[in-house]
Structures are given as structure tokens and as C-alpha cells.
1. Near the amide H of residue 174, under 5 Å away, which other amide H atoms are found, from residues 5 or more places off or on another chain, if H is placed in the peptide plane?
2. Express the C-alpha Rg of segment 344-424 as a ratio against the empirical globular expectation 2.2 N^0.38 Å, rounded to two decimals.
3. In the neighborhood of residue 167, defined by Cβ-to-Cβ distances under 12 Å, what is the net charge if each Lys or Arg adds +1 and each Asp or Glu adds -1?
4. Ordered by residue, what ³J(HN,Hα) values in Hz, to whole numbers, does segment 233-246 give under the Karplus form 6.51 cos²θ - 1.76 cosθ + 1.60, where θ = phi - 60° and Gly and Pro are x?
5. What is the Cα coordinate range of segment 273-325 on the first, second and third principal axes, sorted by size from largest, in whole angstrom?
6. Output ³J(HN,Hα) for segment 212-227: one whole-Hz value per residue in order, computed from phi by the Karplus curve 6.51 cos²θ - 1.76 cosθ + 1.60 with θ = phi - 60°, and x for Gly and Pro.
7. Take the cross-link list 202/407; 151/294; 213/290; 101/244; 131/232; 101/151 and give me the ones stretching past 29 Å between alpha-carbons.
8. If you count, for each residue, the other Cβ atoms within 10 Å and average over each peptide, how do 105-112, 271-278 line up from highest to lowest?
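What follows draws every value from the coordinates through simple rules; no lab data is involved. Here the structure is a predicted model, which means the values were calculated and not measured. Note that each Cβ is placed from the backbone with ideal geometry, even for glycine, and that neighbours are counted across all protein chains shown.
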Amino acid sequence: MSYTRLIYFLAILTIAFQTINSINNESLCSNKGTCSKSSENVSGEKRKNYNDLDVGRQSETVIPPHHPLYTPATYNIRNFKRDIKLPNYHHVSKAIIPPIKPNRPFSAGIFQDGNDFTYFGEVFLGSRNSKMYMLLDTGADSSWVMGSGCKDPICTSRDTFGVQNSSTFEASDTKFSITYGSGSCSGVLARDTLSFAGFSFKMPFGVATMVSKEFGSFEIYGILGLSFSKSKTPSFIDSVVASKTLQRNLFGISLSQTRNGNNTGVINFGSPDSSRFVGDLKYYNLSGNKNDWKIELGAVGFGEGQIPMGMTILFDTGASEIYAPLEATIVVYSHIAGAESYDNGFSWLVPCNSTVNLVFRFGSDLYALPPSMWVGPSTSTDGMCWSNLSGVDNTNGEWVLGDCFLKNYYVVFDIDQRRIGIANAKIQTSSTIPSPYPTNDEFGPSTTEDIGSPSSQLPPRPGANLTSPKTSGSISLQCANILLFYLSIRIVWTMLLAVA
């Protein structure tokens, strides 16, 4: 009987030690922002998990149906696979912040997620005007929505669109496939009426039957591409031009900032909206083949120091941050005191009290981004924060200028003249602040969601928690562990004496 009791208490002791180890591991992951499993993802081949979850991150090339390398019924929409990453310190709100309705013709308010992270439009499809929230993406030319035939979990939690939703739906046998840095979708091309910003016309778009889980981080049902078509399939802006509705084929974008208290974001077509900016618009011709919204980047620097670049930079409303070729970020950060590379130049830590502007030179003009826009959340390292300028190793020598820059300016995308105009944004005010659209019924009971898991998206950055770890909690845990260990030893010792 004594030996039975001894075995019983030894089993309890084993369980106690396993519990202590589990608690310690959880504490380590919580306080440090990392754990052993995620650290595997930061090395070797798994570095490629630093992915583009900003779903519009691509420079697309559409292979026409007659291309000899592909079957006639397949569009293969390829990209440069930039591996632009979505920082996992963000939280995506399960609320949709509606904009104040603009009063100009051919314009639409821009919705956002409440974090200045994702900007999207309210688009209506088909004969029944099915409402779809679509990411407004100047970095892509293709448009697609989640189809009713999609059975992936992400599709079942979003509104979808298909033949049963519209009597004017025209299906096709032409397949499409888009692979982003992380995540993908595929399906078939269809044609139906699309209505947005005062326009209404029939145009082709993808109806996805497969959407990967990475898109679950976004409050969108698809993407509205706002770049030039790279194929015989017309894009949205091609359809705008073909409609001959506007005297001037251009659009301006003003992105809202949550800190200003209300959502006044807008996209307007036909002419610049002078109520949205101060000073004069400065225009810059598109570079290269002029089929992407990119211009020449003369120099970049912190403060007064300018580092010549001689590269191109893509104005991309589908990206949240700023991304640069890996070698360029290493050079740029060498000019800011205290900057530290977390993962060989991909992510950077900078002093939280940085006061210098991040400055870009286009032509002879300088555009400054204040520290409040390029310095991100704090880390567990005292005095250090994440930077919103990250390095990537396959941008083909191209920078990507995302929303953290664009929301400070009013930007004109001139389709006819193939140029981009920039002016300082005017802060909009209103006595009416719209309430968020509640979406808990659509997306589940949780009101917030962490973006990503280490296996499918980004490995957690060490110390990427929004609040500093509490030292008192760590000390209390250590004391509890010591007490538990002591009591376990006393129990075993007592049993051994009893057996003896």
C-alpha cells in the first residue's frame, strides 16, 4: 500500500513539474513576444514566411489566354513575390468605420477598419446591387470577389457573390489565379454590372472559389484594382475611361486618420478636390512603361541627410507601411542613431523618442513623414520601437509607399497624363461622426483579432506586444513556482520516510 501511495505521489510530482514548465513557457512567450516554435520561423528557409499579407501587394502580369505556356482557358496572374510583410503587432477591429458621405459627383467615401490599416470601398455588383467591401488597391489592376461557390472558412464568414445573386451574371470558363507573398485565391472570370463612386457598367472580374485563410485578417470581400490593365482584360480604370463619363480621367484619394476623430476618407473622380489639400499639387510623370503608379525616387533620408537612390517607388493604397529593397534599408538606417536590425535588415527597431522626419525626394521636392507616422509601437526593449519602414529582398529594386505615408497627403492619380500629383492633406472636420458598423454577427463574437499566426503569416517579433510586460507578475510567478517545488519535495520526502 505504501508503494502504491509513493507511485501516486510521484505521478502528482511529475504533473506538477510539467505544469510549472508550461506556465513558464507561456510567461516567456507573453513577456518576450516569442517562443521556441516561432523562433524556428525566423531562420533558414522559413524566413520566406515574411509575407505580404497586405493583399494588394503585387506588380501583376496577366498572361493572355493565347500564351503558348498556358492552356487557352487559364489566366495566370503572376507577381514579383515581394514577401512584403504585415506587422503582427496590429489588431484588426471587427468593426467597419463608415465615412462621411461626400457631396461631389463621381466620388465615394472610403471605409476603414479603425486602425488606419485597411482602406476599402463599398461596391455594388449585379442586378440586385449586392454590397461588397473591396480593398481599394492602386498596386493591382485585377479585381475579384469571394464567390458563392467558395467553401473555404473565410468565404463562409463573408458576403459572397455568384450567379444566384444576379440575373445579369455572365459566367465564363476562363480561370484566374493570384498568388501573393502570403495567401492566394483562384476561381473563374465573370462579367456583371459593377457600381462604385457614381459609375455603373459591366466589366470582368474574378469570382473566387478558393480563398486562403490569410485573407481572414481583413474586413474585405475582394479587391478593386485601380491600376492599369496588363492584359486584354480591362481593369476598373480602363472601364472608367471607356465609359467617356469624365472630362478628365483621373482620381484623387484622401485617406482618413483615426486620430482626427472622424472618417472623412474619399476617392473622387474627374478633377482634384481642392477642399482636400492645401498649397499646390506637384506632379511627377510615371516611370518605366507607365503602366504602374510608380515614379522616380531621387533620395531618402532621416532629417536633413539625403541618400541618393535612383530607384522607382510605387504609390500603393493596398500596402499599410513602407517597404524598400533590403540593401537600401541597411544604408538608410545607418544614418539614424540607435537603429537596430532585428532580422538582418528585414525589420528594424528605432528609439521611441526619435524626432527626425523620414524624408523622400521626388524630382526637386522633399516630402517629410513625421516620427508619429514612421515610428511604430514600443517593444519590450526599453526605449525601442518598431519602425514602419521595412526591408524586403525581392522588390526588383523598387520601393513601395503605403498608407502610413499616403494618409498625410492628397494624391492624384492622373490616368490621361500618366502622372501622380501630391499635395499636403487638409485635415477634415465634421460635427457628425458616424458610428461603426457592428459586424459581430458576421465575424463572430470577438471584437478584435490578432493578425496572423507564426506558421501562416509572420513570426512574432520579439517584444512586439503593445504594452510592456509587468515585472511584478513575473516575480509573483517565480515565487509560486518555488513554493510549489518546495511542497512537492516535502511530500515525496515524507512518503519515502513512511515507506522506510
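1. Here the answer is 189, since their amide H atoms fall under 5 Å of that of residue 174.
2. Compactness ratio reported: 1.28.
3. Working: positive: 128; negative: 170, 192.
Once positives and negatives cancel, what remains is -1.
4. 7, x, 8, 4, 6, 5, 5, 4, 5, 5, 6, 6, 7, 9
5. 34, 31, 23
6. Coupling constants for segment 212-227: 6, 5, 4, 6, x, 7, 10, 8, 9, 10, x, 10, 9, x, 10, 9 Hz.
7. Over 29 Å Cα-Cα: 202/407; 151/294; 213/290; 101/151.
8. On the way: 105-112: 20.8, 271-278: 16.6.
Answer by packing, highest mean first, reads 105-112, 271-278.
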